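Visitor: I'd like to ask some things about the structure below.
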Amino acid sequence: MIRTLRRFPCILVEAAAFGLLLGACETKVVRYNPPLASLPGAQTGMPTVYDPSMRVSNSPLTAQPTANPVIENPDGTKTLISKNGRDLMFHIATCMREDDEKLFTEQVLSEMTRNEFYERGYDPKLAFREMKRRREDLEKMFKLLPAAELSPGVRMEMVGENIMRVRQHYVDRDAMPWCGFDMKLEGSNWKLRWFIENDGK
């Protein structure tokens with residue numbers, strides 16, 4: 001059962017030359033699976049939550065990573081497949097490793113986020129450059145969420161229409177500046193909305 005938590009602003013990205021802010025949005029827990037919660041007699045601060053309706057056909061939250069997340073097209077271009085958060089993290093890491101700003105901007109970053117850059121007079125490629133600038137924060141977050149939404153202790157929250165938040169709570173802000181990410185379902189693939197600044201909560 002989805003439980004409404006609270007309303008709070010969602011931060012998109014802070015860069016040296018600009019800041020993009022998202023409006024307030026309603027947060028609903030659609031998946032919460034704390035470590036060891038499935039063991040007999042286990043007790044948690046709040047009951048585990050999982051919304052099976054998110055497992056829609058041809059798309060999100062599939063149990064396994066996509067077998068072939070990158071399709072090589074005859075013309076030499078690539079088509080990225082992201083059926084879950086782990087696929088999306090794979091594409092983020094690959095674009096970083098290969099310094100592929102174009103592929104990240106066009107196929108990893110969500111259309112919603114790209115449009116917000118344009119609306120504010122910025123090139124969405126700045127998102128990739130900001131991510132590179134904060135590479136250390138990104139790598140720490142990836143270690144915190146090795147299996148994305150299936151990592152122990154992760155709480156998944158609905159923070160907008162077709163937007164899911166994958167994050168860890170109550171982690172040290174200084175040690176972990178980013179504690180998760182938002183992803184938006186566009187078509188049958190999850191795209192990156194942006195990373196979550198750690199508020200320590």
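The values are calculated or read from the model by the stated rules, or taken from the named source; none is laboratory data. The shown structure was predicted, so the numbers you read here are calculated from the model rather than taken from an experiment. No Cβ is skipped: glycine too gets one built from the backbone with ideal geometry, and neighbour counts run over all protein chains shown. Surface accessibility is based on the protein's heavy atoms, side chains included, excluding ligands, DNA and RNA. Shrake-Rupley method; radii C 1.70, N 1.55, O 1.52, S 1.80 Å.
Visitor: On a full-extension model of 0.36 nm per residue, what is the gain between ARG97 and ILE71, subtracting their alpha-carbon distance, rounded to one decimal in nm?
Guide: Answer, rounded to one decimal: 7.5 nm.
Visitor: If you don't mind, there's one more thing I want to ask. A 20 angstrom limit on the alpha carbon distance is what I want to check against. Which of LYS132/LYS191; LYS102/LYS132; LYS78/LYS125; LYS125/LYS191; LYS132/LYS201; LYS83/LYS191 exceed it?
Guide: Among LYS132/LYS191; LYS102/LYS132; LYS78/LYS125; LYS125/LYS191; LYS132/LYS201; LYS83/LYS191, the Cα-Cα distance tops 20 Å for LYS132/LYS201.
Visitor: While we're looking at this one, here's another question. Sorted by accessible area (1.4 Å probe), largest first, how do LYS184, LYS143, LYS201 line up?
Guide: LYS143, LYS201, LYS184
Visitor: Now for a separate question. Could you go through the range 165-175 in sequence order and give the Karplus-derived ³J(HN,Hα) for each residue, using 6.51 cos²θ - 1.76 cosθ + 1.60 with θ = phi - 60°, rounded to whole Hz, and x for Gly and Pro?
Guide: Coupling constants for the range 165-175: 10, 10, 8, 9, 10, 6, 10, 4, 5, 5, 7 Hz.
Visitor: So what is the relative contact order for the range 107-201, in percent, with contacts set as C-alpha pairs under 8 Å and at least six apart?
Guide: Worked out over the range 107-201, it gives 26 percent.
Visitor: Okay, moving on. First select every other residue whose beta carbon is under 14 angstrom from the beta carbon of PHE128; then total the charges, Lys and Arg +1, Asp and Glu -1.
Guide: Around PHE128, the surrounding residues sum to +3.
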